[in-house]
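Asker: Here it is: the structure, laid out below.
The values are calculated or read from the model by the stated rules, or taken from the named source; none is laboratory data. This structure is a prediction, so every number in the text was calculated from the model and none was measured. FYI the Cβ positions are ideal-geometry reconstructions off the backbone, even for glycines, and counts take in every protein chain you see.
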Amino acid sequence: MNQLLELYLTFCKLGCVTFGGGYAMLPILERELVEKRHWTTMDDLRDYFSIGQCTPGIIALNVSTFIGEKRKGVPGALAATAGFLTGPVLIILLIATCLTNFAHYPVVQHAFAGIRVCVCVLIVQAVLRLWKKSVVDRTALAIYLVVFALNAFGGFLPYKLPTALLVVLAGASGIVISGRRNASAKAEGKGGSR
């Protein structure tokens, strides 16, 4: 029960600082879940982000569900998910009741402008960290460039591919390429032993 409560409280704290969506959350999740609590590895966290991108819902919420399930099964997934939702729901309710009364004040508009800048910085930081760990060779760079081009310039194509499909195609490409590399390495190993 204490572990479920710890999951709930940890993700409640993380949910309260979810500004800018999943990628802006990556540095915060890495610090809290990988470095501080050792609940997951950076590789697993990147995998959770990839899967979370393809599944419905908020990426960071999906990640909390995955980590909760990894720690304590279905009860852990429920505790982590509930914890992650508690803070934002309360904050949104508070803002919704008050914002219409204060949104026109310059100080509130300036605060939102500052938050947007901070979110951009967090997203750039997350992208740079993902880049260092993900684009590790020419093959990964080629997959990146193809997916980037299809996503960035998809508006010029007759049909824009959905982001989830691009993620699935990139994953399938990785499987095929690593399978060919392994088969080639095995063939070279057998040929060299003769």
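Asker: Taking the range 36-57 as the search range and keeping residues that are among the polar types (S, T, N, Q) and over 21 Å from Ala170 (Cα atoms), which one is surrounded by the most Cβ atoms within 10 Å (Cβ to Cβ)?
Answerer: Looking at residues that are among the polar types (S, T, N, Q) and over 21 Å from Ala170 (Cα atoms), I get Thr40.
Asker: Of the residues Ala113, Ala79, Ala60, which is buried (at least 16 other Cβ atoms within 10 Å of the Cβ), among the aliphatic types (A, V, I, L, M) and at pLDDT 85 or above? Show your work before the answer.
Answerer: Numbers: Ala113 fails: buried (at least 16 other Cβ atoms within 10 Å of the Cβ); Ala60 fails: at pLDDT 85 or above.
Answer to the selection: Ala79.
Asker: Report the residue count in the range 1-26 for those that are closer than 20 Å to Leu122 by Cβ and either basic (Lys, Arg) or surrounded by fewer than 16 Cβ atoms within 10 Å (Cβ to Cβ) (or both).
Answerer: Of the residues in that region, 5 qualify.
Asker: Still on this structure, please answer the following. Determine whether Gly57 is assigned to a helix (DSSP H, G or I) and either of a type outside the set (Ser, Thr, Tyr) or over 14 Å from Leu33 (Cα atoms) (or both). Please lay out each step first, then the result.
Answerer: Numbers: assigned to a helix (DSSP H, G or I): no; either of a type outside the set (Ser, Thr, Tyr) or over 14 Å from Leu33 (Cα atoms) (or both): yes.
Here the answer is no, as Gly57 does not meet what is asked.
Asker: Moving to a separate point now. When you scan the range 116-143, how many residues do you find that are β-branched (Val, Ile, Thr), surrounded by 11 or more Cβ atoms within 10 Å (Cβ to Cβ) and out of contact with any helix residue (DSSP H, G or I) (no Cβ under 8 Å at 6 or more places or on another chain)?
Answerer: Summing the residues that are β-branched (Val, Ile, Thr), surrounded by 11 or more Cβ atoms within 10 Å (Cβ to Cβ) and out of contact with any helix residue (DSSP H, G or I) (no Cβ under 8 Å at 6 or more places or on another chain) in the range 116-143 gives 2.
Asker: Name the single residue that is nearest to Val135 (Cα to Cα) among those in the range 163-181 being exposed (fewer than 12 other Cβ atoms within 10 Å of the Cβ) and not hydrophobic (A, V, I, L, M, F, W, C).
Answerer: The qualifying residue nearest to Val135 (Cα to Cα) is Ser178.
Asker: Here's something else I'd like to know. Tally time: how many residues in the range 149-160 are surrounded by 12 or more Cβ atoms within 10 Å (Cβ to Cβ) and modelled with pLDDT under 85?
Answerer: Of the residues in the range 149-160, 2 are surrounded by 12 or more Cβ atoms within 10 Å (Cβ to Cβ) and modelled with pLDDT under 85.
Asker: Turning to a different aspect of this structure: Based on this model, can you work out whether Gly73 counts as in a helix (DSSP H, G or I) and under 18 Å from the mean Cα position of the chain (by Cα)? Spell out how you get there, then give the answer.
Answerer: Numbers: in a helix (DSSP H, G or I): yes; under 18 Å from the mean Cα position of the chain (by Cα): no.
No, not satisfied.
Asker: State the number of residues belonging to the range 10-61 that are of a type in the set (Asp, Glu) and farther than 22 Å from Val119 by Cβ. Lay out the reasoning, then the answer.
Answerer: Looking only at the range 10-61, we keep the residues that are of a type in the set (Asp, Glu), and these are 30, 32, 35, 43-44, 47.
Those still in the list that are farther than 22 Å from Val119 by Cβ too: 43-44, 47.
Qualifying residue count for the region: 3.
Asker: Of the residues that sit in the range 27-57 and are hydroxyl-bearing (Ser, Thr, Tyr) and modelled with pLDDT under 85, which one is nearest to Val127 (Cα to Cα)?
Answerer: So, considering only residues that are hydroxyl-bearing (Ser, Thr, Tyr) and modelled with pLDDT under 85, the one nearest to Val127 (Cα to Cα) is Ser50.
Asker: Given the structure, is Val146 closer than 18 Å to Met25 by Cα, free of Cβ contacts under 8 Å to residues at least 40 places away in the same chain and surrounded by 12 or more Cβ atoms within 10 Å (Cβ to Cβ)?
Answerer: The answer is no for Val146.
Asker: Also, quick follow-up: It is to be established whether one or more residues within the range 137-146 are hydrophobic (A, V, I, L, M, F, W, C), in contact with a Cys (Cβ under 7 Å, 6 or more places away or on another chain) and under 22 Å from Leu45 (Cβ atoms).
Answerer: Among the residues of the range 137-146, not one is hydrophobic (A, V, I, L, M, F, W, C), in contact with a Cys (Cβ under 7 Å, 6 or more places away or on another chain) and under 22 Å from Leu45 (Cβ atoms), which makes the answer no.
Asker: List every residue pair whose Cβ atoms sit under 7 Å apart, with the two residues 6 or more apart in sequence or on different chains, where the first one lies in the range 175-191 and is part of a helix (DSSP H, G or I) and the second, anywhere, is modelled with pLDDT of 85 or more and among the hydroxyl-bearing types (Ser, Thr, Tyr).
Answerer: Partner pairs satisfying both residue conditions: Ile177/Thr139.
Asker: Which residues, counting only those in the range 90-110, are out of contact with any helix residue (DSSP H, G or I) (no Cβ under 8 Å at 6 or more places or on another chain) and either outside any helix (DSSP H, G or I) or exposed (fewer than 11 other Cβ atoms within 10 Å of the Cβ) (or both)?
Answerer: Hits for the range 90-110 are Leu93, Leu94, Ala96, Thr97, Thr100, Asn101, His104, Tyr105, Pro106, Val107, His110.
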